[in-house]
Protein chains: 2
Amino acid sequence: MAIGGAMNLKAPAILQEFIRRTGGPKARIAILPQASSLDDTGEYYQEKFRAIGVKTKAAVVEFKTRAGADQPADLQAIRKADGIFIAGGAQLRLTILYGGTQLEQELLAAYRRGAVIAGTSAGAAVLSKLMFTYGRSGSTPRAGMAHFAAGFGFTDKIIFDQHFRQRDRLGRLLYAVAANPGLLGVGVDENTAAIVENEKTIRVFGENAVTVVDGTKISATDLSEVDWRGPVAVAGAVVHALNAGCRFEVRTRSAILPHKILLAE
Amino acid sequence: MAIGGAMNLKAPAILQEFIRRTGGPKARIAILPQASSLDDTGEYYQEKFRAIGVKTKAAVVEFKTRAGADQPADLQAIRKADGIFIAGGAQLRLTILYGGTQLEQELLAAYRRGAVIAGTSAGAAVLSKLMFTYGRSGSTPRAGMAHFAAGFGFTDKIIFDQHFRQRDRLGRLLYAVAANPGLLGVGVDENTAAIVENEKTIRVFGENAVTVVDGTKISATDLSEVDWRGPVAVAGAVVHALNAGCRFEVRTRSAILPHKILLAE
């Protein structure tokens with residue numbers, strides 16, 4: 001579940017959906033708070049999960065230095081988790097701390113055995129193998145406008161962006177997809193989630209929209225030839241703006257809207 | 001085989017090593033020339049392979065637009081290849097053209113069935129999942145100094161850089177590894193190859209050196225907090241400068257030198 005940040009926690013539908021998919025009130029949750037610069041982010045979400053009915057107290061994986069990683073209690077929390085929640089902040093703080101640790105391996109193993117992984121804002125960015133780190137706003141792609149590092153990589157087929165329309169990020173997502181059209185671009189708005197099931201189906205949940213950028217039909221781009229910061233031409237990118245209830249099929253690159261009245265099939 | 005560019009083709013030891021590992025004179029080679037801005041790069045390497053004794057004429061995968069990708073003859077050339085050679089130039093030209101095509105899938109399938117994949121310069125960069133696109137020189141890592149896109153991704157454990165000492169690229173490799181210490185950084189000098197066997201052993205071949213940056217021992221970095229272009233502090237990165245005959249074991253993160261006389265084991 002890639003959540004676009006700024007969740008409305010007074011009407012916590014997205015957290016409730018996370019818990020519903022994780023097994024309900026008995027769900028065992030592990031919280032990764034490291035992206036945040038605040039000290040009480042773990043406790044904050046512990047309380048939120050308790051408030052929506054989770055019976056078992058969520059575990060907080062609390063280490064703050066690489067030397068403090070791989071504590072037995074933290075490894076155990078990941079191994080036992082039905083769901084893992086990655087809080088927002090700065091995504092590089094997560095990769096810096098977890099990259100190359102046993103904990104990172106346990107996170108990937110948890111995903112493979114079927115644990116539900118949810119991340120909001122920075123926590124959504126880190127889900128991708130090619131991870132946005134920072135970049136410029138604007139809907140025009142420009143050479144070098146976006147920056148990347150290696151994320152946790154639960155998927156290497158999809159690149160997630162977040163705070164998407166609120167921070168006007170279509171340009172940088174087009175840029176990432178045009179550079180390698182094998183990547184599917186998924187831009188998630190605030191208080192909205194893109195729920196990816198087995199890398200096959202993406203469902204939209206929440207208040208706003210998910211923008212899907214499919215580059216497989218790109219016929220031409222001058223991205224490799226453009227001068228620094230120059231505008232990049234991209235012909236034939238397919239963009240889907242999807243709201244709650246819509247879904248996207250990754251294999252066939254097709255969007256399915258929930259309503260019967262459509263202009264075209 | 002990640003080759004650092006500027007191969008000496010008058011003394012073509014690296015190409016000979018590629019052919020030796022690919023099966024010798026009977027090797028069936030496919031050449032990917034798209035990174036190059038020249039029209040005759042495919043023919044140029046066809047002639048080089050012929051000159052060092054390859055009996056079967058190498059196939060050139062010659063398409064120049066995405067609409068021209070996935071021709072049956074090109075797909076067949078990849079399916080039949082014992083070795084694939086990716087020429088240099090601009091790596092984004094490769095990902096732009098191949099990303100999301102059936103040809104890209106065939107390249108990954110060829111690697112999985114044991115074909116030898118060699119790339120020089122841009123062709124080496126594209127081997128990684130997190131691919132350098134451009135960046136600044138210098139041995140000090142700085143925030144935002146390096147740019148990335150999604151590469152072909154024969155490996156997501158290693159990031160290759162090329163023209164390494166010749167273009168003073170230690171800073172950007174440290175930057176990439178510090179951002180996610182799960183990545184092993186491998187900087188390859190000109191006329192030199194890093195030969196990766198099953199993602200386990202890296203052997204150095206050729207005139208100059210391969211610099212391996214192991215981030216798993218990094219104790220601290222301020223990379224996530226530094227202002228744009230500011231110098232990034234990285235404590236505890238382990239750097240190995242390895243010459244021909246040296247090897248590096250990926251799992252144990254250990255370098256093995258060929259000589260018996262060592263200051264320390």
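The values are calculated or read from the model by the stated rules, or taken from the named source; none is laboratory data. Keep in mind that what you see is a predicted model, and the values were worked out from it rather than measured. All Cβ positions, glycine included, derive from the backbone under ideal geometry; neighbour counts span all protein chains shown. For the accessible areas, the whole protein counts, side chains as well, though only heavy atoms, and no ligand, DNA or RNA atoms are used. Shrake-Rupley method; radii C 1.70, N 1.55, O 1.52, S 1.80 Å.
One residue alone among A:Tyr98, A:Tyr111 is of a type in the set (Phe, Trp, Tyr) and out of contact with any Leu (no Cβ under 9 Å at 6 or more places or on another chain), and that residue is A:Tyr111. Looking for something without any contact (Cβ under 8 Å) to a residue 60 or more places away in the chain, more than 14 Å from chain B (Cβ to nearest Cβ) and part of a helix (DSSP H, G or I) - is there at least one such residue anywhere in segment A:54-73? Looking through segment A:54-73, at least one residue is without any contact (Cβ under 8 Å) to a residue 60 or more places away in the chain, more than 14 Å from chain B (Cβ to nearest Cβ) and part of a helix (DSSP H, G or I). For segment A:25-50, a tally of residues being in contact (Cβ under 8 Å) with a residue 24 or more places away in the chain and over 23 Å from A:Leu103 (Cα atoms) returns 3. Considering segment B:202-249 alone, what residues qualify as being of a type outside the set (A, V, I, L, M, F, W, C), more than 17 Å from the chain's Cα centre (by Cα) and part of a loop (DSSP other than H, G, I, E, B)? Once the filter is applied, which keeps residues that are of a type outside the set (A, V, I, L, M, F, W, C), more than 17 Å from the chain's Cα centre (by Cα) and part of a loop (DSSP other than H, G, I, E, B), segment B:202-249 yields B:Gly215, B:Thr216, B:Lys217, B:Ser219, B:Asp222, B:Ser224, B:Glu225, B:Asp227, B:Arg229, B:Gly230, B:Gly236, B:Gly245. Among the residues of segment B:185-201, those that are assigned to a strand (DSSP E or B), surrounded by fewer than 24 Cβ atoms within 10 Å (Cβ to Cβ) and not acidic (Asp, Glu) comprise B:Ile195, B:Val196, B:Thr201. Within segment B:206-231, being at the interface with another protein chain (Cβ under 9 Å from one of its Cβ atoms), out of contact with any helix residue (DSSP H, G or I) (no Cβ under 8 Å at 6 or more places or on another chain) and not charged (D, E, K, R) holds for B:Thr216, B:Trp228. Within segment B:17-40, the residues that satisfy the criterion of being out of contact with any strand residue (DSSP E or B) (no Cβ under 8 Å at 6 or more places or on another chain) and crowded, with 16+ Cβ neighbours inside 10 Å are B:Gln34, B:Ser36.
I want to confirm something. Restricting to segment B:103-150 and keeping residues that are among the polar types (S, T, N, Q) and buried (at least 24 other Cβ atoms within 10 Å of the Cβ), which single residue is farthest from the other protein chains (Cβ to nearest Cβ)? I'd like the intermediate steps shown before the answer.
We begin by selecting, within segment B:103-150, every residue among the polar types (S, T, N, Q); these are B:105, B:120-121, B:128, B:133, B:137, B:139-140.
Then drop every residue that is not buried (at least 24 other Cβ atoms within 10 Å of the Cβ), which leaves B:120-121, B:128.
Working: B:Thr120: 17, B:Ser121: 14, B:Ser128: 9 Å.
The residue in question is B:Thr120.
Condition check ((1) small (Gly, Ala, Ser); (2) in a loop (DSSP other than H, G, I, E, B)) across all residues:
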{"position": "A:Ala109", "(1), (2)": "yes, no"}
{"position": "A:Gly114", "(1), (2)": "yes, yes"}
{"position": "A:Tyr134", "(1), (2)": "no, no"}
{"position": "A:Thr140", "(1), (2)": "no, yes"}
{"position": "A:Phe148", "(1), (2)": "no, no"}
{"position": "A:His163", "(1), (2)": "no, yes"}
{"position": "A:Arg167", "(1), (2)": "no, yes"}
{"position": "A:Arg172", "(1), (2)": "no, no"}
{"position": "A:Gly182", "(1), (2)": "yes, yes"}
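For B:Arg169, are the conditions met, namely being closer than 19 Å to B:Gln91 by Cα and either away from every other protein chain (no Cβ under 11 Å) or without any contact (Cβ under 8 Å) to a residue 60 or more places away in the chain (or both)? Spell out how you get there, then give the answer.
Details: closer than 19 Å to B:Gln91 by Cα: yes; either away from every other protein chain (no Cβ under 11 Å) or without any contact (Cβ under 8 Å) to a residue 60 or more places away in the chain (or both): yes.
Yes.
If only residues of segment A:224-238 that are of a type in the set (A, V, I, L, M, F, W, C) and touching a residue at least 40 places away in the same chain (Cβ under 8 Å) are counted, the one that is most open to solvent (accessible area, probe 1.4 Å) is A:Trp228. Taking (1) farther than 28 Å from A:Asn191 by Cβ; (2) at pLDDT 95 or above in turn, A:Lys64 satisfies each apart from (2). Within segment A:80-102, take every residue that is more than 14 Å from every other protein chain (Cβ to nearest Cβ) and assigned to a loop (DSSP other than H, G, I, E, B) and give me the one that is farthest from A:Arg28 (Cα to Cα). Residue satisfying both the conditions and the ranking: A:Ala87.
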